[in-house]
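I have placed the structure first, in the form of structure tokens, so that the comments after it can refer back to it.
The values are calculated or read from the model by the stated rules, or taken from the named source; none is laboratory data. Remember, it's a predicted structure, so these values are computed and weren't measured experimentally. Because the Cβ atoms are built from the backbone with ideal geometry, glycine has one as well, and the counts that use them run over all protein chains shown. Quick note on the areas: whole protein, heavy atoms, side chains included, nothing else; ligands and nucleic acids left out. Shrake-Rupley method; radii C 1.70, N 1.55, O 1.52, S 1.80 Å.
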Amino acid sequence: MSVLKSRPILRWLVPAAAAVTVIGGGAAVGTFAAEAEPSLPPRTAAQLLVDLQTSQLEGLSGTVVQRADLGLPPIAGLAAGSNELAALASGTHTLRVWHSGPDRQRIALLDTLGERDLIRDGRDLWTWDSRGNTATHRTLGSAAAGKHGTGDAAPELPATPQQAADQALAAIDPSTAVSVGRAATVAGREAYELVLEPRDEASLVHQVRIAIDADEHIPLRFEIFATGSDQPAFEVAFTQVDFQRPDADQFSFNPPPGVTVQEEKADRTDRPAPRSGMPEHPQVRTVGTGWTTVLVAQVGAKGAAGAKSPAGGEIAGVLGSLPEVSGAWGSGRLFTAKLFNVLLTDDGRVLAGAVTPERLYEAARG
């Protein structure tokens, strides 16, 4: 078994992690202020991979900033009068985070309008929004609460650090060149930099750079650079971090006065497992692998324009302003950004990926 599968932290090192981060993150223009480059003992990429695999995170608290410059075209109309979508693509998000083992975490998203918290304390999961003074509570099922190792065979671990590095590099190498970048100082801590670079020229991702704490071996900064740019299109980094285990009271939610609490149904643990090989969404498939995977969805002849939705006219107008494209695959419109492209075909398909338009057209030809 590859260490990429046996150690979750190494999932930072696969292309899918970069894609999820781009889609789920929020952002802003610019990069974090650079600090003087520290003098650290040399370490190879293999050694840094071993550091990540063997790291032990007992506890953590700190401040995280997310920023992005995705180079999106004007899409304010898609927000239907709301600025939230635009904020996700061009704002700055500041978060406070606390971590104390696998069943105690807290994330607080701070903005000018208030604070939104997600708090897990064992089987209790709370969300709170200060703007409306509303909260929800859910009791997690036993599976979600964590059954670490119960009924499962222990993962196959490498016998030596070198074997771990060899397995990890072998798993990454077919699609990705791995190297060591310059040392950095992040949140006042010295860090090594691991650099991942897609080998396929059809990828819009030029590099992914991960700054790894020199002592704790935990990622402190994650940056994605688009092809042709020397500034990160997306970055998320600690600006302050403490590796002491937070106090237990950080994970206890006490509803403030006047709060409206909604009690949600407890998670079920008796849901039947999906059959092997049965896709969850039959109308969605993937083409290709690794960094150049293309997601293909069949949404119907008018689905892409959202003509049947309440805001369909407005959305259709915005999509109608996108450039028209055509080829042997058919015709449609192209949405372009620095790190991803989306092709909306006239026959009701949506193709998306961190790839060049040409790779989308190739996938559309089927």
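From the list ARG123, ARG131, ARG104, pick out the single residue that is modelled with pLDDT of 85 or more, charged (D, E, K, R) and either closer than 26 Å to ALA233 by Cβ or open to solvent by less than 80 Å² (accessible area, probe 1.4 Å) (or both).
Only one candidate qualifies: ARG104.
Before we move on, is ASP213 open to solvent by 60 Å² or more (accessible area, probe 1.4 Å), free of Cβ contacts under 8 Å to residues at least 40 places away in the same chain and over 16 Å from the mean Cα position of the chain (by Cα)?
Here the answer is no, as ASP213 does not meet what is asked.
Residue check: is ARG221 of a type in the set (Lys, Arg) and either open to solvent by 70 Å² or more (accessible area, probe 1.4 Å) or modelled with pLDDT under 90 (or both)?
no
Name the pairs: first residue in segment 97-125 and without any contact (Cβ under 8 Å) to a residue 40 or more places away in the chain, second residue basic (Lys, Arg) and surrounded by fewer than 16 Cβ atoms within 10 Å (Cβ to Cβ), Cβ to Cβ under 9 Å, at least 6 apart or on different chains?
From residues that are without any contact (Cβ under 8 Å) to a residue 40 or more places away in the chain, the pairs are LEU113/ARG131; GLY114/ARG131; GLU115/ARG131; ARG116/ARG131.
Quick check, is VAL355 at pLDDT 95 or above and within 24 Å of the chain's Cα centre (by Cα)?
yes
Scan segment 216-241 for residues that are over 19 Å from the mean Cα position of the chain (by Cα) and charged (D, E, K, R) and jot them down.
Across segment 216-241, the qualifying residues are GLU216, ASP230.
Would you mind telling me which numbered condition in (1) open to solvent by 90 Å² or more (accessible area, probe 1.4 Å); (2) closer than 30 Å to LEU360 by Cα; (3) at pLDDT below 90 LEU157 fails?
Single failed check for LEU157: (2).
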